[in-house]
Amino acid sequence: MSRTDTREIQSALEAILFAAGEPVPVRRIAAALNLEPEDVEQAADALANQYGFDRRGMRIVRLDDCYQMCSSPEYADLIRLILETRKPPQLSQPALEVLAVVAYFQPVTRAYIEQVRGVDCTYTVKTLVERGLIEEAGRLEVPGRPMLFRTTKVFLRTFGLKSLMDLPELPEKQPDLDAQAQLEKAISALQPAAGDPPPEESS
């Protein structure tokens, strides 16, 4: 691509992502601009790097096979002040534990989550679905056909991940630790990105 072509593509990307207000798939952008997905990715990554270098108030982030425009994390407190919104509380330990189970073993059923955690997770799963951090992902083909759950792109953005491949590795399995203890070690590394707190959680 020529420099002029790249600028035109980046301008179109800015307009699309600003108007969308949510993650937009690369292939959908490529189809609209009559380009190859690789060309869109190249232009988007270069634009994202430029935004970061210039320390702009907006950022372009990659979430799996999508791009999204969002405000810079360092201005989160200022934005809350202007919009007169209170800072959402941090996710509770039970919520983090359920998120970790879903993130590392998805798609999973609620029964599987409860088997790992050893407690009823109905309320926590429902809350995380409402907050957009996990979503329904079909049903397991077994008697009763229980619902399956997986993480969302909101989850990726909240925790500063480009894809599930960026999840911290689970610790090496140790004979003297059960599954819950193994998971708790991974949870300590699974924390919301600075300046971009998780969606508000009910107490």
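The values are calculated or read from the model by the stated rules, or taken from the named source; none is laboratory data. What you see is a predicted model; the values in this text were computed from it and never measured. When we count neighbours, we look across all protein chains shown, and the Cβ atoms used for this are built from the backbone with ideal geometry, even at glycine.
If we scan region 121-131, do we find a residue that is part of a loop (DSSP other than H, G, I, E, B) and under 22 Å from Asp64 (Cβ atoms)?
The answer is yes, given that some residue of region 121-131 is part of a loop (DSSP other than H, G, I, E, B) and under 22 Å from Asp64 (Cβ atoms).
Within region 70-98, can you find the residues that are of a type in the set (Ser, Thr, Tyr) and at pLDDT 80 or above?
Ser71, Ser72, Tyr75, Ser92
Only one of these is among the small types (Gly, Ala, Ser) and either touching a helix residue (DSSP H, G or I) at 6+ places or on another chain (Cβ under 9 Å) or more than 23 Å from Pro73 (Cα to Cα) (or both): Ala20, Ala15, Ala48, Ala44. Name it.
Going through Ala20, Ala15, Ala48, Ala44 in turn, just one is among the small types (Gly, Ala, Ser) and either touching a helix residue (DSSP H, G or I) at 6+ places or on another chain (Cβ under 9 Å) or more than 23 Å from Pro73 (Cα to Cα) (or both): Ala44.
Would you check which residues across region 29-54 are under 22 Å from the mean Cα position of the chain (by Cα) and without any contact (Cβ under 8 Å) to a residue 12 or more places away in the chain and list them?
Scanning region 29-54 gives Pro37, Asn49, Tyr51, Gly52.
Would you pick out the residues in region 118-171 that are among the β-branched types (Val, Ile, Thr) and over 15 Å from Val98 (Cα atoms)?
Within region 118-171, Val142, Val154, Thr158 meet the criteria.
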